[in-house]
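Below is one structure, written out as structure tokens; the observations come after it.
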Amino acid sequence: MISHQQLVEEVASRSRLDDTEAADAAVHLVLAALSSRLDGPRREHLRQAVPAHERGALDRGGAAAAGPAARLDELLADVARPVGATPEQALFLARTVVCRLTAEDIGLAADLRGALPDEFGTLFAEPD
């Protein structure tokens, strides 16, 4: 499992965010938006795969469950809106977080891909 510090530092570096606080907030936004689109068992699988510090974001996402039929553009809006990011920036952040979390956990990647509509497949491609 990736550590909290490593996840935040990679998001900050790849996304060119000013500081780790902004990267930490981005990680939480992505996880909350993603978890709101998962059913209970898959949300729990994700919970087990993330560092303890990030698990609160999954609770917030689960409480606001949007349902598995939600579209990718809605997830990106959920990530972008609180920080004033563009959909493209939100996609880059989401891809970075998802790819870092699933890089060493093929089972998690397969579980998430199976739970989400096909259009979410772009989240599993390394960002440029």
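A few comments on the model shown:
- 10 Å Cβ shell holding at most 13 others, DSSP loop, trypsin sites (Lys or Arg not before Pro): longest site-free stretch of the chain: 72-128
- Cα gyration tensor, segment 1-45 - rounded (a/c under 1.5), prolate or oblate: prolate
- Computed over segment 4-124, the convex hull of the alpha-carbon atoms projects to a mean area of 6.3 nm².
Laboratory data are not the source of any read-out in this text; all were calculated from the coordinates shown. Quantities reported herein were computed from a predicted structural model and do not represent experimental measurements. Cβ sites come from the backbone with ideal geometry, for glycine too, and all protein chains shown count toward neighbours.
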